[in-house]
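First up is the structure itself, then whatever we jot down about it.
Values quoted throughout were computed directly from the atomic coordinates according to the rules given, and no laboratory measurement underlies them. Given the structure is predicted, the values throughout are model-derived calculations rather than measurements. Cβ placement follows ideal geometry from the backbone for every residue including glycine, while neighbour counts extend to all protein chains displayed.
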Amino acid sequence: MTESASLRSARDEALYVRRLYEILEQRFNGRPWSLHELMLGFSNDVGYIGRLLLAHDGTWAIDGDSEAELKHKLAESLWWVFVLADKLDIDIDTAFTDTMTRIRAGLNETIARTQPTDPSR
């Protein structure tokens, strides 16, 4: 499976799971979450990742397995990105590929431009 196909597969799974959440939101809240509510959920998870990184480094105590929680929250954050991109009609596959291409080109240019002239460095 290519990386692009893998990304599409992950996106499709994320959007399927989102549809399941929307069913429950409709039942419990009378409507699915708004874009702002989705962003708040994502922001909350990103903040928790910060605490989990502290726990990973041993500077913040948490109950449970910090590594397992970190894996879960990083994966869930990827899920949020797919969901938000979908809500905003952003083709995340193309956006990711284009962004990485631009960043890679810029980094390669900077590396080439700043290459030391003294080979002993």
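What to note about this one:
- Net lengthening on full extension, Glu13/Thr101 (0.36 nm per residue, minus Cα-Cα): 29.2 nm
- Computed from Cα positions, the angle between helix 35-56 and the longest principal axis of the chain comes to roughly 60 degrees.
- Each of Glu22 and Ala5 was given a label point 7 Å from its Cα along the Cα-to-Cβ line. The distance between the two points is 2.8 nm.
- Simple rule: put +1 on each Lys or Arg Cβ and -1 on each Asp or Glu Cβ in the chain, find the dipole, and look at Ala75, Leu24, His36; the Cα lying farthest toward the positive end is His36.
- Acute angle (nearest 10 degrees) that the helix 3-29 long axis makes with the longest principal axis of the chain, alpha-carbon atoms: 30 degrees
- Placing unit charges on the Cβ atoms only, positive for Lys and Arg and negative for Asp and Glu, gives the chain a dipole magnitude near 220 debye about its Cα centre.
- Cβ-derived FRET efficiency at R0 22 Å, Asn108 paired with Leu84, nearest 0.05: 0.15
- Relative contact order [Cα under 8 Å, 6+ residues apart], the chain, whole percent: 26 percent
- Dimensionless Rg ratio for the range 54-121, taking C-alpha atoms and the 2.2 N^0.38 Å reference: 1.78
- Using the alpha carbons alone, the radius of gyration of the chain stands to its Kirkwood radius in an Rg to Rh ratio of 1.11.
- Euclidean distance between Cα centres, the range 86-104 to the range 14-34, Å: 25 Å
- Candidates per chymotrypsin sites (Phe, Trp or Tyr not before Pro) in the range 1-86, loop by DSSP, up to 13 other Cβ within 10 Å: Trp60
- FRET efficiency for Ala75 and Gln115, using Cβ-Cβ distance with R0 set to 35 Å, rounded to 0.05: 0.40
- Degrees, to the nearest 10: 66-87 long Cα axis against longest axis of the chain: 80 degrees
- Under 13 Å from the Asp45 label point (7 Å along Cα→beta-carbon), backbone N, the range 56-100: 70-86
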